[in-house]
Every structure is written in C-alpha cells, then in structure tokens.
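Heads up, the thing below is written out as structure tokens.
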Amino acid sequence: MKVWILMSVANDYNQPDKAFEKLFWEKPTYDDLKEFDFSEQEAKDLTKNNISGCGDYWVETFTK
C-alpha cells in the first residue's frame, strides 16, 4: 500500500521540523495541490526521489 502525505514547515516554535497537512490514498493531482502553491510541473514530479515540493510544502510517499 502506498500513501502520499502533504507536509509543511512547522510555524510553531514547539513543533517538529515538519507538520502533517493532508493524506492522499491516491497520487495527488495538480488540482489537489494547487491550493498549496504547487505548479503543474511540481505536481507531475511527485515520483522523483520520493519527495517533491515547493517552498513551505512538500509531498512524501510511504509504502508498506
């Protein structure tokens, strides 16, 4: 099983370096990610290196 997790830079002093934002059970599309300032190209590149993102947001994939 594979999941995609949208992560962000934590803004609170007491939070860890990254914060969970949203979970996707299928590979997120550009429409899913555009509200987080992803470009169409960044949304297409999600398969690269297991991690892809833009600025304060990125997507990590996990497989079990």
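The values are calculated or read from the model by the stated rules, or taken from the named source; none is laboratory data. Note that the coordinates shown come from a computational prediction; the quantities given were computed from them, not determined experimentally. When we count neighbours, we look across all protein chains shown, and the Cβ atoms used for this are built from the backbone with ideal geometry, even at glycine.
Pick from the range 34-63 the residues that are under 16 Å from Val3 (Cβ atoms) and at pLDDT 85 or above: which of them is surrounded by the fewest Cβ atoms within 10 Å (Cβ to Cβ)?
Result: Thr63.
Looking only at the range 1-33, filter to residues that are farther than 15 Å from Ala43 by Cβ, in contact with a strand residue (DSSP E or B) (Cβ under 9 Å, 6 or more places away or on another chain) and aromatic (Phe, Trp, Tyr); which one of those is modelled with the highest pLDDT?
Within the range 1-33, the match that is modelled with the highest pLDDT is Trp25.
If you check every pair at least six apart or on different chains, which have Cβ atoms under 8 Å apart with a residue in the range 21-46 that is within 18 Å of Ser8 (Cα to Cα) first and a residue that is assigned to a helix (DSSP H, G or I) and of a type in the set (D, E, K, R) second?
The qualifying pairs are Phe24/Asp32; Tyr30/Glu40; Tyr30/Lys44; Leu33/Glu42; Ala43/Asp32; Ala43/Lys34.
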